[in-house]
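Q: Structure incoming, see below.
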């Protein structure tokens, strides 16, 4: 077989032609890299209103009046940080929520130290998260608040909503794994082969760098080569460089994961797939998904290689709520929050959905439409389940698909 | 030594005059040893303290004196002489045994080296790329590793054992990582081959790329595909799992050695701190539960 002839002469000629341009580019690149770059992330102002151990509750400052009566608490994963939702000024889910008049709180899990290695999922869900929810309920004198979870934080929210349904008015899950018995994502394949017990016993907390290396290895061609080739190609473009550095800052700003939490998440979820079967237990209590009776909005990414649609889409079929909706966006795991297209779709959709379900809490119809009395910290217990504000049938939305993503964005 | 000589120095190593002069020398030296300082001050009921160095010297001189006296006895001198005569034989035997041991070890090593060759053959080295690291690891495990597990003796045996374990785990980690990283290299090799085929196909269609960037895009796309195929393979998953296991084993062994070192320093060890954290965690949970019960009441 003849060797294919690569037109080296043409390629070299083309390169020679580009030499002058390249020279100019290099000059521009050095100018950009040596200039003052704006690479700050998470710049939207907030107040820390509650703290417990390493965990902080952020309350973002609204510029005007809140348009929704019920505040929204966003729960991020323990992997990476919640700053991703406020990565850059023109692509900020936080800013979009505030613009839509949502009174926004966010859990900042902080940086676990060795002291936190024995913290379990129960400590996070029935401890820190529950305390944050109680704080907001007390502050706003409300029996229930809106809850939104992201990735592993979404799994925590699902567990929380099942165990504390009386405190959650509406539940939003985004790229949230609940069904782990799938081979469509590499993470699901690898986690099954991982000896979590041995790793946790060895490391205590799972080092962030180890996790990040694992994430990079999910697609080394893109994440370790092509991404930086792209950077070099665009290094003369200041806004591109600034946004690229912002993303790099976020990706590698990773807290360690508390050891016992990791152990339980891998063993109970990835290996035994207990959550979707309503067999998982936290603090001795079974997480029964049928107890999730509040409206549920479930987002996932069609090209998500970390949490594939197969890991997310079953949730709405297993909960007790009749008001559920799946939204399958044609983007990746992070693209949902940072892509320009999603910026126009994602936050506004949530704001609309919440607005439609923002009526004050009422007693069941038979007892008259009276507002439920609420004594902060106590009254929400054992009050029974309020009737859903709107009881539409389950629906599955595919209409919000965007055009296929050209390239996976980082993770 | 002939009879005449034996007569002059009967059954002895040294002439009798030498022996007598030696015994006299030690006796006179002993007399020169100064008395304890306390005796000069007059009689005392309490025994005065003695200079330890003088005591030692006195003991040594007495020993030499008794040795010289003994050697003046013909029977004793003869016995000593015979013992000394036997020394060369003794040294020869020790040397012989040592060399035998050395040759034995060398023989075993040569045998092991021979096995290395045989193993490579057995693993079909025509598949060198895939099997090379596995073979090296196998050789290490079967032929070298046991040296780290030779039983240690004495007071420091446990410390030495932990140190040897660390060396063993480090060697295994290196072998496993080499195997793992060689797997990660496979997509690059495969991509280079597929690239040739792809370019050939494009050439046949008359669509040969003219820009370097187009080649890069094609290469990175093929590379991505190969990585995906590799990552889904059971071999990769096994290697990944093994890599994590060996890393864990190494870190555990390293921590044990560090623990030994930390015990020498005035700082708490990880084990102690972890025990404290565990207690703290359980206490906090109990307090929270009690608080909850109080609020409910």
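Q: Can you say whether residue A:266 is in a helix (DSSP H, G or I) and within 28 Å of residue A:179 (Cβ to Cβ), as far as the supplied structure shows?
A: So residue A:266 fits the description; yes.
Q: I'm told residue A:62 meets every condition in (1) surrounded by 14 or more Cβ atoms within 10 Å (Cβ to Cβ); (2) modelled with pLDDT of 95 or more except one. Can you identify the failing condition by its number?
A: Condition not satisfied by residue A:62: (2).
Q: Quick check, is residue A:119 modelled with pLDDT of 90 or more, within 14 Å of chain B (Cβ to nearest Cβ) and on the phi < 0 side of the Ramachandran plot?
A: Against the criterion (modelled with pLDDT of 90 or more, within 14 Å of chain B (Cβ to nearest Cβ) and on the phi < 0 side of the Ramachandran plot), residue A:119 qualifies.
Q: Quick check on my filter: what residues within the range B:246-260 are touching a residue at least 24 places away in the same chain (Cβ under 8 Å), at the interface with another protein chain (Cβ under 9 Å from one of its Cβ atoms) and farther than 20 Å from residue B:160 by Cβ?
A: If the condition is that a residue be touching a residue at least 24 places away in the same chain (Cβ under 8 Å), at the interface with another protein chain (Cβ under 9 Å from one of its Cβ atoms) and farther than 20 Å from residue B:160 by Cβ, then B:247 is the only one that fits.
Q: Look at the range A:175-201 and say how many of its residues are over 23 Å from residue A:328 (Cα atoms) and either more than 10 Å from chain B (Cβ to nearest Cβ) or modelled with pLDDT of 90 or more (or both).
A: 7
Q: I'd like the full set of residues that are within 12 Å of chain A (Cβ to nearest Cβ) and either over 21 Å from residue B:238 (Cα atoms) or at pLDDT below 85 (or both), limited to the range B:162-193.
A: Of everything in the range B:162-193, just one residue is within 12 Å of chain A (Cβ to nearest Cβ) and either over 21 Å from residue B:238 (Cα atoms) or at pLDDT below 85 (or both), namely B:191.
Q: Could you tell me whether the range B:271-280 includes any residue that is in a loop (DSSP other than H, G, I, E, B), surrounded by 12 or more Cβ atoms within 10 Å (Cβ to Cβ) and facing chain A (nearest Cβ under 8 Å)?
A: No, the range B:271-280 contains no residue that is in a loop (DSSP other than H, G, I, E, B), surrounded by 12 or more Cβ atoms within 10 Å (Cβ to Cβ) and facing chain A (nearest Cβ under 8 Å).
Q: Turning to a different aspect of this structure: Please work out if residue A:321 is more than 30 Å from residue A:243 (Cβ to Cβ), touching a strand residue (DSSP E or B) at 6+ places or on another chain (Cβ under 6 Å) and in a loop (DSSP other than H, G, I, E, B).
A: Judged against the criteria, residue A:321 is a match.
Q: Right, something else. Among the candidates B:285, B:232, B:210, single out the residue that is in contact with a helix residue (DSSP H, G or I) (Cβ under 8 Å, 6 or more places away or on another chain), within 30 Å of residue A:197 (Cα to Cα) and in the same structural domain as residue B:168 (by TED's automatic domain parsing).
A: The unique qualifying residue is B:232.
Q: Give me the residue from the range A:329-344 that is more than 19 Å from residue A:246 (Cα to Cα) and touching a strand residue (DSSP E or B) at 6+ places or on another chain (Cβ under 8 Å) and, out of that set, modelled with the lowest pLDDT.
A: So the residue we want is A:330.
Q: Sticking with this structure for a sec: Taking the range B:203-225 on its own, how many of its residues are facing chain A (nearest Cβ under 8 Å), farther than 16 Å from residue A:221 by Cβ and in a helix (DSSP H, G or I)?
A: Number satisfying all stated conditions: 2.
Q: Would you check if there is a residue in the range A:281-290 being in contact with a helix residue (DSSP H, G or I) (Cβ under 7 Å, 6 or more places away or on another chain) and assigned to a helix (DSSP H, G or I)?
A: Within the range A:281-290 (the criterion being in contact with a helix residue (DSSP H, G or I) (Cβ under 7 Å, 6 or more places away or on another chain) and assigned to a helix (DSSP H, G or I)), the answer is yes, since at least one residue qualifies.
The values are calculated or read from the model by the stated rules, or taken from the named source; none is laboratory data. For clarity, every value in this text was computed on a predicted model and none was experimentally measured. Neighbour counts are summed over all protein chains in view; Cβ atoms, including those assigned to glycine, are modelled from backbone coordinates with ideal geometry.
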